[in-house]
1. I'd like to check something: does the range 15-32 contain any residue that is at pLDDT 95 or above, over 29 Å from residue 361 (Cα atoms) and either in a helix (DSSP H, G or I) or under 25 Å from the mean Cα position of the chain (by Cα) (or both)?
2. Among the candidates 188, 224, which residue alone is farther than 15 Å from residue 361 by Cβ, not in a helix (DSSP H, G or I) and not assigned by TED's automatic domain parsing to the domain that holds residue 429?
3. Scanning for something within 18 Å of the chain's Cα centre (by Cα), surrounded by fewer than 22 Cβ atoms within 10 Å (Cβ to Cβ) and over 26 Å from residue 30 (Cβ atoms), does the range 148-170 turn up at least one residue?
4. Those residues that are over 21 Å from residue 349 (Cβ atoms), in contact (Cβ under 8 Å) with a residue 60 or more places away in the chain, within 26 Å of the chain's Cα centre (by Cα) and outside any helix (DSSP H, G or I), I need them from the range 385-408; list them, please.
5. When you check residue 342 against the structure, is it over 18 Å from the mean Cα position of the chain (by Cα), surrounded by 21 or more Cβ atoms within 10 Å (Cβ to Cβ) and in a helix (DSSP H, G or I), yes or no?
6. Which of the residues that make up the range 113-129 are in a loop (DSSP other than H, G, I, E, B) and in contact with a helix residue (DSSP H, G or I) (Cβ under 8 Å, 6 or more places away or on another chain)?
């Protein structure tokens, strides 16, 4: 039964976990304050969402619309035309029809929240006369970089090919090409950048821009964007468990193996390795990492690695012969784990990560130092933040011919676990953990930004 005073919000996202997860977390924060949230994405994601996320989300409705592409076509291989042609045409029509259908059932949306990869949704919002907001699901830093890239083209686009050129962007440390989001580099497929640039070109259509970050860690950038187009941090958008809000974890039984194993390890003794769902390690990288882990009999590790191919056609490298046998007493390899639970475990010493923004927020919220090994999109920028701004880790770099050397892995492990700066990194990580909890607590900066938004959309009922 829909009451006249119910406040409804619609969220629209692409089908990637890394986009939907922050949306679901924001949705939960809104539903906990009495807002009704509907999350819409394309039919292509129906099964994975209804099997996974929807089970945990009692107060969130999931809806799906057709993206216009033939059902059997591979979304990853056709991503360019999907993002630039099909969604802006068929997505607009089908999402609009979905909104009409939901309105017919009594849902009157006070706001549509999108992420930066679906700028066409603003056209739907205008057709229906619904205010629009954006949830920027990457760091505020990348928001600033894309904004200034669009408005001045970084005034030095020709220098993107020069690895030593220094880019100056308000509110950020000096950056090299290796620190920029890969989408702005000439080597990147253009469709990602085109979509983000479309979004940046229509920022005036958004009444609010929310960041999944929190103010303390990106204060100078958030402050500098105030004079351009402000971003309001509402994060870190991590599971409530990490902020000790006390929500019981869903699907805990699936992860007993990891946690049971961690329970048997000493405090701060385990290197946790997880390189995201898209990045994969080549054969040589896999061998180099395995040798580095095997070389020191005191090294304990939990390694999340999927065998076989990922969705983008890359294949994971195979472990060297004898590795599993030689490390069975001090290492565990699993295809998946509950990352929030693992990072919060007292046995974890450091996190070897690809630096996706969700993982970055989780390691900050858990107070765990990092070995940063970025691959693409916003990961290089996040690595720069973790090492030089947040000061909680080291960056692992490939050697000249693009390969990762065992010596480099050894150097980074030592530096983060026992090196001269290891203690300082851990102390800084612990400070951020406290700050993250404070930002999301009553009276905290992120909490206040959410309250102000809810008061605004409820304006007529307050």
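The values are calculated or read from the model by the stated rules, or taken from the named source; none is laboratory data. Keep in mind the model is a prediction, meaning the values are calculated, not measured. Glycine also receives a Cβ, built like all others from the backbone with ideal geometry; neighbour counts cover every protein chain displayed.
1. No - not one qualifying residue is present in the range 15-32.
2. Values: 224 fails: not in a helix (DSSP H, G or I).
Testing whether each residue is farther than 15 Å from residue 361 by Cβ, not in a helix (DSSP H, G or I) and not assigned by TED's automatic domain parsing to the domain that holds residue 429 leaves just 188.
3. We begin by selecting, within the range 148-170, every residue within 18 Å of the chain's Cα centre (by Cα); these are none.
Looking through the range 148-170, none of the residues is within 18 Å of the chain's Cα centre (by Cα), surrounded by fewer than 22 Cβ atoms within 10 Å (Cβ to Cβ) and over 26 Å from residue 30 (Cβ atoms).
4. 403
5. Working: over 18 Å from the mean Cα position of the chain (by Cα): no; surrounded by 21 or more Cβ atoms within 10 Å (Cβ to Cβ): yes; in a helix (DSSP H, G or I): yes.
No; evaluated as a whole, the condition is false for this residue.
6. Here is the first cut: in the range 113-129, the ones in a loop (DSSP other than H, G, I, E, B) are 115-120, 128-129.
Across the range 113-129, the qualifying residues are 115, 116, 117, 118, 119, 120, 128.
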